[in-house]
Amino acid sequence: MTSVLNVDTIADKAGTGAVALTKQSASKAWINIDMSNAVTLDSFNSSSITDFGTGTFRDHLATALVNANYAVTTSAMDPTKTDSGGTNRTADGTPSSTVQFVMRATAYDNTANDVPSAAGVAHGDLA
């Protein structure tokens, strides 16, 4: 027999707040930044960013992860570029501690690029 659960809101035990995702595999932090202007476009669990030069930023997390062995997924795009490589750029991310990760964006020739849209997602357990 199949069951169906239909709800409008899931709240904490007291019924006053959201449910905390502490041990699930859901994203624990994400950020979308405009590297060209060094601004955060939107984010979750991010307190600030640091510009380390062309194509390299650090995202500072508001809530720490349990260890620095979490996964980071990144993407980068420059809609103003129409070269043979298209608009996408290569991107990589690396955890640097429990409260921050580094995002890098490069063109296909491996030169660092400040792109107008770079995103990073952290997957791990909250501390």
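The values are calculated or read from the model by the stated rules, or taken from the named source; none is laboratory data. Worth saying up front: this structure is predicted, and the values here are computed from it rather than measured. With ideal geometry, Cβ positions are generated from the backbone for all residues, glycine too; neighbour counts draw on all protein chains shown.
When residues in the stretch 97-127 are screened for being at pLDDT below 95, in a strand (DSSP E or B) and either aromatic (F, W, Y) or over 9 Å from A76 (Cα atoms) (or both), 3 of them pass. Annotation: D51 fulfils all but one of (1) farther than 14 Å from A29 by Cβ; (2) without any contact (Cβ under 8 Å) to a residue 60 or more places away in the chain; (3) buried (at least 17 other Cβ atoms within 10 Å of the Cβ); the unmet one is (3).
Filtered by the rule that a residue be surrounded by fewer than 18 Cβ atoms within 10 Å (Cβ to Cβ), touching a strand residue (DSSP E or B) at 6+ places or on another chain (Cβ under 6 Å) and not hydrophobic (A, V, I, L, M, F, W, C), the stretch 102-115 gives no residues.
Among the numbered conditions (1) of a type outside the set (K, R); (2) exposed (fewer than 10 other Cβ atoms within 10 Å of the Cβ); (3) in contact (Cβ under 8 Å) with a residue 12 or more places away in the chain, the only one that T16 does not meet is (3). The number of residues in the stretch 95-127 that are closer than 24 Å to K28 by Cα and of a type in the set (F, W, Y) comes to 1. Among residues of the stretch 1-35 being among the small types (G, A, S), closer than 24 Å to D59 by Cβ and part of a strand (DSSP E or B), the one that is modelled with the highest pLDDT is A29.
Of all the listed residues (V99, V66), the sole one being under 13 Å from the mean Cα position of the chain (by Cα) and surrounded by 13 or more Cβ atoms within 10 Å (Cβ to Cβ) is V99.
The single condition among (1) in contact with a Gly (Cβ under 8 Å, 6 or more places away or on another chain); (2) surrounded by 12 or more Cβ atoms within 10 Å (Cβ to Cβ); (3) of a type in the set (A, V, I, L, M, F, W, C) that A76 does not satisfy is (1).
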